[in-house]
1. Post the alpha-carbon centroid distance, region 10-77 to region 87-128, in whole angstrom.
2. Taking the Cα atoms only, what angle lies between the long axis of helix 142-152 and the longest principal axis of the chain, rounded to 10 degrees?
3. Compute the acute angle (0 to 90°) between the alpha-carbon long axis of helix 57-70 and the principal axis of greatest extent of the alpha-carbon atoms of the chain; round to the nearest 10°.
4. Enumerate by residue number the GluC sites (Glu not before Pro) in region 57-157 meeting two conditions: DSSP loop (anything except H, G, I, E, B), and at most 14 other Cβ atoms within 10 Å of the site's Cβ.
5. Over region 2-194, calculate the relative contact order: mean separation of alpha carbon pairs under 8 Å at least 6 apart, over the residue count, as a percent.
6. Quick check on the chain: of the DSSP beta bridges with both residues there, what percent are antiparallel, nearest 5%?
7. Scan region 23-104 for trypsin sites (Lys or Arg not before Pro) in coil per DSSP, keeping those whose Cβ has at most 13 other Cβ atoms within 10 Å, and list them by number.
8. To the nearest 10 degrees, how steeply does helix 113-130 sit against the main Cα axis of the chain, on a 0 to 90 scale?
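Here, each number is a calculation from the coordinates, and none is a lab measurement. The structure displayed is predicted, hence computed values, not measured ones. Note: ideal-geometry Cβ built from the backbone for every residue, glycine included; neighbour counts use all protein chains shown.
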Amino acid sequence: MTNIIIIRHGETDWNKEGRLQGIENIPLNSTGKAQASMAGNFLREEKLGAIITSPLDRAQETATIIGQCLDEDEKIRVKKSFIERNHGDISGLTIEEQKVKFPNDDYEVKESWEVLCTRVKKGLEDVAESYPGENVVLVTHGLIIKSILEITSEGGLNSENLSLLNACISNCSYNDSKWEINYYNKVSHLNRTLQ
């Protein structure tokens, strides 16, 4: 059984301001760094085969902090399959700014949901094949985690209105060619002031 511990990256200033983050490289803020440390401390007892991260800075910073907490930073691997969606015209905007700039929702998104899910599914299959019987930490982005939850539940979990908090932990496992979601959006490891 491959066990994937999925962590959303820590907070950035754009998260704090309610701005939609796509493929832009926005660094963690001080809260995000603290959240990453808390996630790392929570995972101290886990024996890991790898720490896989999106190539974007906010995810890599989170993965590095977690790796340092676990003394496993040499196991960090970057995987493009788990990069955030390219939000095109609306990237960097708040919801209010989107409504003003695109009142008819006539904006262009650079990557469709179907294309995103296809690449994420391939990434998950690669992880399960590369690390059979191991625990793997995957540091990625909110929309990517939503797609993972839909893929691994075979559409049984509609994540459209699910709000995933920064540094939340979700968990799924792969056994006998079948995915199972064990839990999602866990935040008990975070200090309440940082949620």
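1. 21 Å
2. Rounded to the nearest ten degrees, it is 60.
3. Rounded to the nearest ten degrees, it is 20.
4. Glu108, Glu154
5. About 32 percent, as a whole number.
6. 50 percent
7. Here the sparse-neighbourhood loop sites are Arg44, Lys47.
8. So the helix axis and the longest Cα principal axis differ by about 10 degrees.
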